[in-house]
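Q: To start, I am sharing the structure in question, which I have written as structure tokens.
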Amino acid sequence: MSKTFAAQLSTAQQRTLALALLLLVVLAGLALLFGPVVLLHRHYDTAIDDLSDRLERYHRVAAQAPELRRALEVMREKDGRRFFLKNTAGNLAGAELQDLVRAAIENNGGRITTSQNPAAREDGRFRNVAVNVQFFASSPVLAKILQALDSQQPHIVVDNLTVRPLNAFRGFRPVAGQEPDNNVQLDASAWAYPEPGKPAVSAK
């Protein structure tokens, strides 16, 4: 403020102007002092709101955890069941296993002569179902049959295998380009879940 301009003002005007300038300086000082505090407060308000929103989402997810866990158990159960026979009744499970073994043999060139199902037995939490099959097959055909059984779903186990070559006498010579047949006896088994309401018991 120049002295000429101040001299033109009355004493009251000079006091008013001085007070206005003082107030302006005070406001500027307060702005410099509290401005960062206000900005920091606003920053924390935003952070708190964001954290609250995240916590709310986490709570919603946590509330769904039991339902998601049950769904996961159902998926695991379905995935595990593919290794077991579909039928739970002993006679139906035996027929299912017999059909699977018959298909593996006949689809690969074997010729079944006899097939029978022993009685199913309880094996811990599950039921063990078996089938005894006798058939004719050459060695290459038998290899294909065993591979088919090994890759089968449900899981089939070959418990016993007896192979007796036909025409196995001294001096026998097979026809060129033709594999001789074998007489094969095969015991296979698979597992089934117990019937509903009839839990399996431990095998003695």
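Q: Give the residue, chosen from Leu186, Leu149, Leu142, that is touching a Gly at 6+ places or on another chain (Cβ under 9 Å), at pLDDT 90 or above and buried (at least 17 other Cβ atoms within 10 Å of the Cβ).
A: The unique qualifying residue is Leu142.
Q: Among the residues in region 62-83, are any modelled with pLDDT of 75 or more, within 30 Å of Leu149 (Cβ to Cβ) and in contact with a helix residue (DSSP H, G or I) (Cβ under 8 Å, 6 or more places away or on another chain)?
A: No, because not a single residue in region 62-83 is modelled with pLDDT of 75 or more, within 30 Å of Leu149 (Cβ to Cβ) and in contact with a helix residue (DSSP H, G or I) (Cβ under 8 Å, 6 or more places away or on another chain).
Q: Moving on. Pairs please, first residue from region 142-168 and in contact (Cβ under 8 Å) with a residue 12 or more places away in the chain, second anywhere and surrounded by 12 or more Cβ atoms within 10 Å (Cβ to Cβ) and acidic (Asp, Glu), Cβ atoms under 7 Å, 6+ apart in sequence or on different chains.
A: The qualifying pairs are Asp159/Asp187; Asn160/Asp187; Leu166/Asp181.
The values are calculated or read from the model by the stated rules, or taken from the named source; none is laboratory data. Computed from a prediction, not measured in an experiment: that's the story for all the values here. We place every Cβ from the backbone using ideal geometry, glycine too, and count neighbours over all the protein chains shown.
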